[in-house]
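The structure appears right after this line, and notes come after that.
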Amino acid sequence: MTTAVRAAPPAFEASLVGTIARKELRDAIRNRWFWLYAAAFAGLAAVLANLALPGATVAGYGAFGRSASSLVALVQLIVPLMGLTLGAQAITGQQERGTLRFLLSHPISRTEAFLGTYLGLVLALFATIAAGFGAAGLVTGLRGGAADAAAFTRIAALSWVLAAGMLALGMLVSSFTRKSGVAMGSALFLWLGLVFLGDLGLMGTAVATRMPVSVLFFSAAANPVEAFRLATLTSFQGSLDVLGPAGTYAVDRFGDALDPILIGVLVLWVMLPVTAAWARFTRGKDI
């Protein structure tokens, strides 16, 4: 009588994660969509920074406030689109090309493959965002405009957190689908929901139902794109009072704790989707 011996799973090796991350970064750089996103983000950031400089006809805040507001609006629109679509293609794309099966035929665990893929794409997104903010800062410097370096850095850092969360959400979609077309369609639907329908729908519902300001604030803060906007507003406005009753309620209710709460919401939008995607990929994803 013989007893079957189950092979022990390979030990986790950080060096393998780094190798896969570098491969994903190289693949992302070769992707034409990556360059399209990077060029669009950097070009629009430079144009908006130029329009916001002293002497521009845009009315409203001071020069840096206008530039920062424009960058925040640009990040709200483009960064979720980049993160969701890159994440949606991450697993299904490899599955369709057969590279995922080839990769896992080597002594590499699914956890190492997942983390390497995620980290590689996170680095690619970070590079794109850095290019956009770098272009805006360069234009501001060449035109002799003044900028608050601390606020500028804070907005860039929050943009990176938003990008990591949207990438995780895209990979969660990818882990539940088998076709990249379905994953891309789902990612675009999510983008529309978070960026447009969430904001307009919430405002319409608040007006139609006379929603209490507390419910309005919590509903807005639960959306990662809105949480990013609220967290960045304090960088160049100093307060959320400019948002009206909901902003005043948030300041009065939470005080100094408001900033950590909003950043915590953004971090949760990174941790929860990436954990769910990892669990799905390592335990249930059919390759």
Problem set entry | Single match in I78, I20 (criterion: touching a Leu at 6+ places or on another chain (Cβ under 9 Å), within 21 Å of G132 (Cα to Cα) and at pLDDT 85 or above) | I78
Problem set entry | Single residue of region 238-273 satisfying the filter (in contact with a Leu (Cβ under 8 Å, 6 or more places away or on another chain) and at pLDDT 90 or above) that is most open to solvent (accessible area, probe 1.4 Å) | W269
Exercise. If you take the residues in region 76-133 that are within 20 Å of P273 (Cα to Cα) and of a type in the set (V, I, T), which one is surrounded by the most Cβ atoms within 10 Å (Cβ to Cβ)?
Worked result: I91
Exercise. In region 95-116, how many residues are touching a Phe, Trp or Tyr at 6+ places or on another chain (Cβ under 9 Å) and part of a helix (DSSP H, G or I)?
Worked result: 6
Exercise. On the given criteria, is V267 in contact with an Asp or Glu (Cβ under 7 Å, 6 or more places away or on another chain) and either in a helix (DSSP H, G or I) or among the aromatic types (F, W, Y) (or both)?
Worked result: no
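The values are calculated or read from the model by the stated rules, or taken from the named source; none is laboratory data. What you see is a predicted model, and the numbers here were worked out from it, not measured in a lab. Positions of Cβ are generated from backbone atoms using ideal geometry, with glycine treated the same way; all protein chains shown enter the neighbour counts. Side chains are part of the model used for accessible areas, which takes the heavy atoms of the whole protein and leaves out ligands, DNA and RNA. Shrake-Rupley method; radii C 1.70, N 1.55, O 1.52, S 1.80 Å.
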